[in-house]
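Chemist: Pasting a structure below so you can have a look.
The values are calculated or read from the model by the stated rules, or taken from the named source; none is laboratory data. In this text, all values refer to a predicted model and were calculated from it rather than measured experimentally. Note that we place each Cβ from the backbone using ideal geometry, even for glycine, and neighbour counts take in every protein chain shown.
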Amino acid sequence: NGATCIDGINNYECKCAAEYTGRYCEAAPSTAMLYPQTSPCAHHDCQHGACFQPAPASAADYLCQCHPGYTGKRCEYLTSLSFVDNSSLVELEPLRTRPEANVTIIFTTTQENGVLLYDGQSDGHIAVELFNGRVRVSYDVGNYPTSTMYSYEMVADGKPHMAELLAIKKNFTMRVDRGPARSIINEGPKEYLKLVTPMFIGGVAPEVAKVAFTEFHLRNITSFQGCISEMWINHKLVDFSNAAKMHRVTPGCAASEEEADEARDIVAAEGINNSGSNEESMPQEHIPREHSDVIMSVTGLVPSHACIGHECRKGSQCISSPFGNSYSCRCQTGWQGRYCEKAPTCRKEHTREYYSENGCRSRRPVKLAKCWGSCGNSCCLPRKTKRRKVRLICTDGMRYTKDVDLVRKCTCTRKCY
């Protein structure tokens, strides 16, 4: 290996070259010595996430752990949003309606009213909103009067729901949670709805909302408050990072009602809550035969969502597995069980005992209380206390007064201390 032989007395030795080692320079230099190892995350391209190297892994392997709301190999797509304010909205390009308009929305909310989707003007529109806990659709291709319908299902229960919407010419079909479909036909001479105005998701700009409400396109112009975890438009998953405008929204879905309340507190504002015209729902229960195959093929394009029809209880959040074939329940604070069905037993227990510290004790028993019971993975701690002065006497005869915190109310909390 290019070594030099050094002559000695009745002996010789090898002078190695280029990092070779061994008595005869037979050991090649290690790769680690020639090329200092660096972490693959030193030059990662995770756009909205953290880089990590799974174990075991080769030197070139790394993965991106996406921040809430972002998906993709490099966390480059923003696919879920929380709408946390009465003025929240997203503005997208106009909805393409030829040859058809196909929209699927997976959403979660506890609010009974709010705009899900709106695109239109005076001579035609499509409006999808929550009204009194149901999904309401208003559809007009330009043929008076406007056609409207409501879902059978109630959806303001804090669970994920899927609304599938299909517009083909004058026909509009809606299906919620893969239940019975409903259809309406906007009869008249015009065949197609032509849209050139921006499409709004989750809310409507004030100037547009005024017209939409005045002309009864929308019954309520309050913004949707909750989470849109997925939205598909014409068979493509929506990347909200390409939106023309986003107002009062946050990436991802709040993991609990507490987080949702915190987000609302940050951007809280007075909302608009109006009601409008009287309408009659159209009770067609099934998709017309000529369109049933279209709906079924469209449904096949939407990824399965294990949380549809889940059994998580008491306001808990359903968490779908990465492959969408199972789910788990993330319980509200204090609740536990597979479906969060076990209620917390945290309560205040009264006691009457001597209060003591440092060898001193109260002159007489004091009425005290302590927090006791189960809170699942949380802690049962005082939520409200009251201070009271207690006179103490010590063994050496010294007396003093102590301010003691007395428990008034107990609660389950994740802040264990």
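Chemist: For the structure I just gave you, tell me whether residue 180 is over 18 Å from residue 137 (Cβ atoms) and more than 24 Å from the chain's Cα centre (by Cα).
Modeler: So residue 180 does not fit the description; no.
Chemist: Restricting the stretch 351-393 to residues that are basic (Lys, Arg), in contact with a Lys or Arg (Cβ under 6 Å, 6 or more places away or on another chain) and assigned to a strand (DSSP E or B), which is farthest from residue 412 (Cα to Cα)? If you could, list the steps in order and put the result at the bottom.
Modeler: If we filter the stretch 351-393 for residues that are basic (Lys, Arg), which is where we start, we get 352, 361, 363-364, 367, 370, 383-384, 386-389, 391.
Checking which are in contact with a Lys or Arg (Cβ under 6 Å, 6 or more places away or on another chain) leaves us with 352, 363, 367, 383-384, 386, 391.
So of that shortlist, the ones also assigned to a strand (DSSP E or B) come out as 352, 367, 383-384, 386, 391.
Values: 352: 24, 367: 23, 383: 9, 384: 12, 386: 19, 391: 32 Å.
Among those that are basic (Lys, Arg), in contact with a Lys or Arg (Cβ under 6 Å, 6 or more places away or on another chain) and assigned to a strand (DSSP E or B), it is 391.
Chemist: Also: Hey, could you check the stretch 2-49 for residues that are at pLDDT below 70 and outside any loop (DSSP other than H, G, I, E, B) and say which is nearest to the chain's Cα centre (by Cα)?
Modeler: 32
Chemist: Let me ask another. Name the pairs: first residue in the stretch 397-409 and farther than 17 Å from residue 364 by Cβ, second residue polar (S, T, N, Q), Cβ to Cβ under 7 Å, at least 6 apart or on different chains?
Modeler: 405/385; 407/385; 408/385
Chemist: Being within 19 Å of residue 112 (Cα to Cα), surrounded by 17 or more Cβ atoms within 10 Å (Cβ to Cβ), touching a residue at least 60 places away in the same chain (Cβ under 8 Å) and in the same structural domain as residue 99 (by the TED database) is the requirement here; does residue 202 meet it? Explain how you work it out, then say what you get.
Modeler: Details: within 19 Å of residue 112 (Cα to Cα): yes; surrounded by 17 or more Cβ atoms within 10 Å (Cβ to Cβ): yes; touching a residue at least 60 places away in the same chain (Cβ under 8 Å): yes; in the same structural domain as residue 99 (by the TED database): yes.
When the stated conditions are applied, residue 202 passes them.
Chemist: Go through the stretch 127-147 and give me each residue that's β-branched (Val, Ile, Thr), over 16 Å from residue 95 (Cα atoms) and buried (at least 23 other Cβ atoms within 10 Å of the Cβ).
Modeler: Result: 135, single match.
Chemist: Filter the stretch 371-390 for residues that are surrounded by 14 or more Cβ atoms within 10 Å (Cβ to Cβ) and over 13 Å from residue 345 (Cα atoms) and give the result.
Modeler: The answer is 382, 383, 388, 390.
Chemist: When only residues in the stretch 50-109 that are farther than 26 Å from residue 176 by Cβ and in a strand (DSSP E or B) count, which is nearest to the chain's Cα centre (by Cα)?
Modeler: 70
Chemist: Right, here's the next one. In this structure, is residue 229 within 15 Å of residue 106 (Cβ to Cβ) and among the hydroxyl-bearing types (Ser, Thr, Tyr)? Spell out how you get there, then give the answer.
Modeler: Numbers: within 15 Å of residue 106 (Cβ to Cβ): yes; among the hydroxyl-bearing types (Ser, Thr, Tyr): yes.
So residue 229 passes the test.
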